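Note sheet for the following structure.
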Amino acid sequence: MYAGDRRWAVFAVAALWATYAFVFWKVLPYVGTQEVMYALAIAGGIVLLFNTASILAMIEHYAGDKEHIYGLDIHYLDVLRGKG
């Protein structure tokens, strides 16, 4: 469970980066001045930085606390399979 959640979190961050890069690339022809382009790049970079940092922090927190987080789910999955 944890490995799958971690994989999807990393995929979500990669998709976010790809989306921001695509949108920035498509918006560039409509940007009026260099200052606007820099403002867009800096603002987008800050958003990407904070979102990436939050996902990495979440993954790190889950790694240390996965027994508590997934314990109840695993218990009930075992009950459904007849192991518990």
Fill in the blank from the handout: Conditions (1) farther than 26 Å from residue 4 by Cβ; (2) among the basic types (Lys, Arg); (3) surrounded by 11 or more Cβ atoms within 10 Å (Cβ to Cβ) -> residue 66 fails only (1)
Exercise for the section: Could you tell me whether residue 2 is closer than 25 Å to residue 77 by Cβ and surrounded by 12 or more Cβ atoms within 10 Å (Cβ to Cβ)? Expected result: yes
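Residue by residue through region 26-41, note down the ones that are exposed (fewer than 10 other Cβ atoms within 10 Å of the Cβ) and of a type outside the set (Ser, Thr, Tyr).
Listed by number, the residues that qualify are 26, 29, 32, 34, 35.
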Problem - Residue list for region 1-38, filter: over 19 Å from residue 66 (Cβ atoms), hydrophobic (A, V, I, L, M, F, W, C) and not in a helix (DSSP H, G or I) - result: 31
Practice task
Could you tell me which residue of region 24-63 is nearest to residue 2 (Cα to Cα), considering only residues that are small (Gly, Ala, Ser) and at pLDDT below 90?
Solution key: 63
Problem - Qualifying positions in region 69-84 - hydrophobic (A, V, I, L, M, F, W, C) and either at pLDDT 95 or above or within 19 Å of residue 4 (Cβ to Cβ) (or both) - result: 69, 72, 74, 77, 80
Practice task
Answer yes or no: is there a residue in region 26-43 that is touching a residue at least 12 places away in the same chain (Cβ under 8 Å) and out of contact with any helix residue (DSSP H, G or I) (no Cβ under 8 Å at 6 or more places or on another chain).
Solution key: no
Handout entry: Leading residue by the ranking (nearest to residue 74 (Cα to Cα)) among those in region 9-25 that are among the aromatic types (Phe, Trp, Tyr) and surrounded by 10 or more Cβ atoms within 10 Å (Cβ to Cβ)
Key = 11
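The values are calculated or read from the model by the stated rules, or taken from the named source; none is laboratory data. The structure presented is a predicted model; accordingly, all values stated were derived computationally and were not measured. In this analysis, Cβ positions are derived from the backbone assuming ideal geometry, glycine residues included, and neighbour counts consider all displayed protein chains.
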